[in-house]
Amino acid sequence: MVMNKKPLRSMSPLQETIYRFSQNKVSLIGLAVVLLLIFIIIFGEFISPFENGVKQNIRMRLQGPSAEHWFGTDAYGRDIFTRVLHGTKYTMMIAFPATFIAEVIGIILGACAAFYSRWFDNILMRVLDVFQAIPGQLLALAVVAALGGSLFNLVIAMLIARIPASVRTARSIMLSLVGQEYIDAARSYGSRDYHLIFRHVIPNSLGAMIVSMTINLSAITLQVSSMSYIGLGVSPPTPEWGALLSEAREFIITAPHLIIFPGIAILLTALSFNLVGDGLRDALDPRLRD
Amino acid sequence: MDTLNNTLLKVENLHVVYKARRETVYAVNGVSFCLKKGETLGLVGETGAGKTTTAYAIMRVLPDRTARIVNGIIEFEGYNLLDVPENLMRHGIRGEKIAIIFQDPMSALNPIMKVGDQIAEALKFHNKEDLSPERIEEQVDRTLELVGIQKERKYDFPHQLSGGMKQRVVIAIALVCEPVLIIADEPTTALDVTIQAQVLAMIDELREKLGTAMILITHDLGIVAQMCDNVAIMYAGEIIEIGSVEDIYSGKMQHPYTAGLFGSLPDLEKKTDRLHPIEGLMPDPTDLPKGCKFNPRCPRCMDICRNVQPEFTVEGTHKVACHLYGSGKGRGIDE
C-alpha cells in the first residue's frame, strides 16, 4: 500500500498539522527565528545584562563592531548588541498583543457582519469607514499624542489603527464563505448559527486570516518602529528597535552599523513571521496536501 | 398499505421573493402540491423556474438577507412549517425529518473536514438516544457502506474522493438520520452519465428500503419517468402542470410548455434532423408578463393568454393551467 498515507490517517488533526508543518523547510527556519526571539525575550538578561545597554561611556562612543561590542557602540558609548537584544522584548510586547487582539476582534466582528442581519453589517461598515477615512499611521499618532507614549498606549493605538482593516478582511472572506453550499448543507442538517460560524466559517477562513495576521504582525512591528522613530513611541532610554533607528539617523554616514543591526533585527522578525504564517496556512489546509 | 393515503407534505399557495436593493425577484408564485408518505414527486422545469427556491423554502434555509416567504402554507405532518419556531425547525425538522441532497457535491461538503466527521455531525445534532461516540462511529460506518463507500474512506477529505463518491457522501449525510422526506436537488446534474445511473439507482433503492418520500428536482424528463410517481412542471415560479407520470407523459391534456420540453428531447424511435427547442428565454423574474407567464414564448398563444392568468383544468389526477382547456374558452388540442 501507499506508505505515507496510512500514518497520516491515524493522526489527530493537530499531529497532522505539526507533521505537515515540519515538512516545510523554509517555514521551519522561520519558526527557528521566532523561537530564538522568544528565547531572547526570556533569557536576554543572561546573555547580556540590560545595564550594558544603558550605561554611558563617552570615551567608547561610535565604535565599530569588535570582540567586546559585537554590534559596536552608539553616540553615548552604549552597547548596540545589548540594546537590540533587549529591544526585542519591547517591540514584541507591542506587536504580539496588538496583532492577536486585532485579529480576534476582526474574526468575531467579521463573522457577525457576514452572518447576521444587514443592518448590523451596514452600521459596522459605516463606523469602520469613519476610522479608515483617517490614515492608520495618523490615527495611531493621534491616539499616542492624546494618551501619552507608554507601551500599553502604543498597543491601544496599534489596535485602533489596525482593527478596521482586519474586520474588513475577515468580513469579506467570511461573506464569500457564507454563500458556499456546504454552509447551506450544514444548516439543512440542523446546525446552529454558532456551530456554523465556529466549525465551518471560521476554520475555512483561518488560512487567509493567518496570512493576514502575519502580514499585520510585520506591519505592526514596522509601524511601532516608525512611531518610535519620529519620537512618539516608547521614551528614549528604552531600546525599542524603532527608537534605535531614530537615534541612529544622525550618524547614518559616519557610523552605519547603528542603523544596520536594528534594521536587520526588524527585517528578520517580519520575514520569519511571514514564513511561519505561510507554513501554517499550508499545513492547515487539507486541499494543499499531497 | 393504508399509510400510503396519508399526506406527508402539503404546500399551498407558496410565494417567495428575493429582495435586492432596487428590484424584487418573484421566484415562486403560488405553488401548491401534495406529497404522500413514501411517494416520489418530480419537480421539473428549466433553470430559474423556482424549483430550488421551493425546496429551500420547505426547509426554511433561504438566505435571510434577501429572501422572504411572503405567503403560503407548508404543512408537514400536520404542522405549518412556516409557524414553527427556528430552534424547533433545527432540532426536529432539518436533517431529522427532512433532508436535502444538494446539487453540487463538489461544493456541498466542507473542504477542510473529514467526510466521516461531516456525517457524524448530522447525527450528533439529532442524538435522541444519546449515542456513545463508538455507536456514532458505527452508524457512520454503516451509512457509508449503505451508499457503497468503504468505511476506511471516512478519514478522507472531500478532495480525496471522486465526484461520484462525494455525491454518495452527500447522500449519506442526508440519510444518516433516516428522514421521512428527502429533497433531492438535481442530485446527478454534476455527475457524468455512467455515475448518474448508479447514483439514481442507489437513491431509489435506499428510498424504497427506508420508505422515504422524495421530492426529486431535475430538468431531466428521462429521470422523472424512471423514478417518480407524480410530476409537477414548473415555469417562472408557478406549477403549470401536475399529475401522475402517466398523466404527464401520455395524458389527454398537455401544457404547451410541457409539449415544448418533450419536443426538446431526442426520440429513440423517430428519426429527426433537429430537435425543437422552445423559442425564447424565461421571462425576467423581476418583471413577469401579465396573464399566462408562458404567453410570450407559447406557439399557441391566444388573446386571453396575454391578460388572464389561467386556472387549473382538472381531469382526475391531472391538472393543467392553460386556457386551451376547460371552461370552453379555448380550443381543444387538435393534432
What tally of residues in region B:320-335 results from selecting those that are of a type in the set (A, V, I, L, M), modelled with pLDDT of 85 or more and assigned to a loop (DSSP other than H, G, I, E, B)? 1
Looking only at residues that are within 7 Å of chain B (Cβ to nearest Cβ) and not small (Gly, Ala, Ser) in region A:177-186, which one is surrounded by the most Cβ atoms within 10 Å (Cβ to Cβ)? A:TYR182
When you check B:SER132 against the structure, is it away from chain A (no Cβ under 14 Å), of a type outside the set (A, V, I, L, M) and within 28 Å of the chain's Cα centre (by Cα), yes or no? no
The one condition in (1) out of contact with any Asp or Glu (no Cβ under 6 Å at 6 or more places or on another chain); (2) over 20 Å from A:PRO236 (Cβ atoms); (3) in contact (Cβ under 8 Å) with a residue 24 or more places away in the chain that A:PHE39 fails to fulfil: (3)
Criterion violated by B:ASN71 - all others in (1) part of a strand (DSSP E or B); (2) more than 19 Å from the chain's Cα centre (by Cα); (3) surrounded by 22 or more Cβ atoms within 10 Å (Cβ to Cβ); (4) not hydrophobic (A, V, I, L, M, F, W, C) satisfied: (3)
If only one of B:GLN196, B:GLN139 is at pLDDT below 90, in a helix (DSSP H, G or I) and within 27 Å of B:ALA49 (Cα to Cα), which one is it? B:GLN196
Suppose the filter is more than 14 Å from every other protein chain (Cβ to nearest Cβ), crowded, with 24+ Cβ neighbours inside 10 Å and of a type in the set (A, V, I, L, M); does A:VAL211 pass it? no
Where a residue in region B:50-71 is away from chain A (no Cβ under 12 Å) and its partner, wherever it lies, is of a type outside the set (Val, Ile, Thr) and part of a loop (DSSP other than H, G, I, E, B), with Cβ under 8 Å and at least six apart: B:GLY50/B:ALA236; B:GLY50/B:GLY237; B:LYS51/B:GLY45; B:THR53/B:LEU62; B:THR53/B:GLY237; B:ILE69/B:ARG60; B:ILE69/B:LEU62; B:ILE69/B:LEU82
Among strands (runs of 3 or more DSSP E) entirely inside region B:1-52, those with 2 or more residues being more than 15 Å from the chain's Cα centre (by Cα) are B:7-19, B:24-36
So how many residues does region B:89-104 have that are part of a loop (DSSP other than H, G, I, E, B) and either in contact with an Asp or Glu (Cβ under 8 Å, 6 or more places away or on another chain) or closer than 23 Å to A:MET174 by Cβ (or both)? 4
Scanning region B:86-102 for residues that are facing chain A (nearest Cβ under 9 Å) and surrounded by 21 or more Cβ atoms within 10 Å (Cβ to Cβ), the one farthest from B:ILE136 (Cα to Cα) turns out to be B:PHE102
Please verify whether A:TYR189 is within 14 Å of chain B (Cβ to nearest Cβ), at negative phi and touching a Leu at 6+ places or on another chain (Cβ under 8 Å), treating the condition exactly as stated. no
Restricting region A:234-290 to residues that are farther than 27 Å from A:MET213 by Cβ and of a type in the set (D, E, K, R), which is surrounded by the most Cβ atoms within 10 Å (Cβ to Cβ)? A:GLU247
Of all residues in region B:111-122 being at the interface with chain A (Cβ under 9 Å from one of its Cβ atoms) and surrounded by fewer than 24 Cβ atoms within 10 Å (Cβ to Cβ), the one that is farthest from A:THR17 (Cα to Cα): B:GLU121
Members of region A:67-85 that are aliphatic (A, V, I, L, M) and touching a helix residue (DSSP H, G or I) at 6+ places or on another chain (Cβ under 9 Å): A:ALA75, A:ILE80, A:VAL84, A:LEU85
Could you grab me the full set of residues in region B:143-194 that are charged (D, E, K, R), within 9 Å of chain A (Cβ to nearest Cβ) and touching a residue at least 12 places away in the same chain (Cβ under 8 Å)? B:ASP156
Just to confirm my filter: which helices (runs of 4 or more DSSP H) fall fully inside region B:233-319 and include at least 1 residues that are within 22 Å of B:HIS219 (Cα to Cα) and out of contact with any Pro (no Cβ under 6 Å at 6 or more places or on another chain)? B:245-250, B:256-263
Which one of B:GLN160, B:GLN196 is of a type in the set (S, T, N, Q), in contact with a Ser or Thr (Cβ under 6 Å, 6 or more places away or on another chain) and surrounded by fewer than 23 Cβ atoms within 10 Å (Cβ to Cβ)? B:GLN196
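The values are calculated or read from the model by the stated rules, or taken from the named source; none is laboratory data. A quick note: this is a predicted structure, and the numbers were derived from the prediction, not measured. Neighbour counts are summed over all protein chains in view; Cβ atoms, including those assigned to glycine, are modelled from backbone coordinates with ideal geometry.
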